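K.L.:
Would you mind keeping the following structure in view while I ask a few things?
The values are calculated or read from the model by the stated rules, or taken from the named source; none is laboratory data. Quick caveat: nothing in here was measured; it's all calculated off a predicted structure. Methodologically, a virtual Cβ is constructed for each residue, glycine included, from the backbone with ideal geometry; neighbour enumeration extends over all protein chains shown.
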Amino acid sequence: MLAALAFLCAALCCTAQKAQPVVQNIRAVPTAQGSISVTWTIPPAAEGTAICSLQIYRSTMPISSAAELAQLSPLALLPSGSISYTDSPTDGRDYYYAVVSRIKDVDASYEDADVFSGEDAHELYYDEDFDPPQAAEEGRLLAVILPGMNATLAGARATPASPSGDRPDADDSSQSTKKSARGDMRRQPLPYLEMPGSRADDGSRQISEAAEQAAKGLVSSRTEAASPAAQQLAPHIFAEDSVSPSGGDEYLLYEVLQRSFVQGKYSSATALLERFLAQNRGTAVTQRAHFYLGQAYYFCGDYPRALQQFLKVENAYPPLAARWIDSSLDLYEPERRH
């Protein structure tokens, strides 16, 4: 029955799209990162009109008519060329999606420019942190629903992501028995030592004086064991980020890395990765972004901030994080003695 409905809507769409720009080929697919990737294609420009933005809707029931659409609030307002949106529901329910256009009238000369034809749409994976918000009042809503074309027929459910990397055994979760990369018992947590955020703007402490003194003592105890000529490690790129993904958060992280980290622009990478992490992302991509942010601070010589990031993903990548934590401490200690 669903197949028949999709076929009927496809036939109707061929006629409707001659006069109205309706998005096509909508799909909603759960990802390994615990989110739902919604994708679609942009239609050719319709005579006399142009798409000025897109609105995406979400419901726990299929969206099959304009009347049902009118009962919903937009999930997000996207740029006109967007072809992808990543949703991160956490309630474990099945969701259905619809994408509709906001349009405006244009004259023939403007239409000939083919600005909204979607030829460059593959470059527009929208992210509300990197892209400016769209004006909701621009254009008028084209409240046309064609199930199977611009509205999904099947529900999609986000499943919890499994963190990348080896996880420690449950029996070894106690902080009091945790081992370092060298095999010795670590009786105290690694220090933050004047980490950004250890003091508030007014100078008041965010951690206790006793905890700060204990952390300083732990670092001091490493001084004799530290290498007299510690060298920086080589940058680490995860296999998942060595090739361009098809879309979603993975694609956005890949773009950030290509624009900054891969080129050795570590100061720029810290800013871009901080902005990337300001948004809700899947677990695996968030962990990798924290690790890249730690590396960016590390190569900028900001070892306290680097430590802060590596410690956040210590359980996700135990051997790898331990190696970078030790190197950060070894490189930081000579600076403290000068």
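K.L.:
Give the residue, chosen from L252, L329, that is in contact (Cβ under 8 Å) with a residue 60 or more places away in the chain and touching an Asp or Glu at 6+ places or on another chain (Cβ under 9 Å).
P.N.:
L252
K.L.:
Also, quick follow-up: State whether one or more residues within the range 63-80 are surrounded by 21 or more Cβ atoms within 10 Å (Cβ to Cβ), modelled with pLDDT under 90, small (G, A, S) and farther than 18 Å from T152 by Cα.
P.N.:
Within the range 63-80, one or more residues are surrounded by 21 or more Cβ atoms within 10 Å (Cβ to Cβ), modelled with pLDDT under 90, small (G, A, S) and farther than 18 Å from T152 by Cα.
K.L.:
So which residues in the range 24-38 are surrounded by 20 or more Cβ atoms within 10 Å (Cβ to Cβ) and in a strand (DSSP E or B)?
P.N.:
Across the range 24-38, the qualifying residues are I26, A28, I36, S37, V38.
K.L.:
Considering each residue of the range 57-108, count those that are more than 18 Å from N280 (Cα to Cα) and not in a loop (DSSP other than H, G, I, E, B), and give that number.
P.N.:
Qualifying residue count for the region: 20.
K.L.:
Out of (1) assigned to a helix (DSSP H, G or I); (2) at pLDDT 90 or above; (3) more than 18 Å from Q287 (Cα to Cα), what's the single condition that is false for A214?
P.N.:
(2)
K.L.:
Which residues, counting only those in the range 222-263, are modelled with pLDDT of 90 or more and among the basic types (K, R)?
P.N.:
R259
K.L.:
Consider only pairs whose beta carbons are under 8 Å apart and that are at least six residues apart or on different chains; among these, list those whose first residue lies in the range 88-104 and is outside the structural domain of M61 (by TED's automatic domain parsing) and whose second residue is small (G, A, S).
P.N.:
Note: no pairs meet the criteria.
K.L.:
Considering only residues that are at pLDDT below 90 and of a type in the set (K, R), which ones fall in the range 11-29?
P.N.:
K18
K.L.:
Could you pull out every one of the helices (runs of 4 or more DSSP H) wholly within the range 228-328 that has 2 or more residues that are of a type in the set (V, I, T), in contact with a Leu (Cβ under 9 Å, 6 or more places away or on another chain) and surrounded by 14 or more Cβ atoms within 10 Å (Cβ to Cβ)?
P.N.:
By residue number, 283-299.
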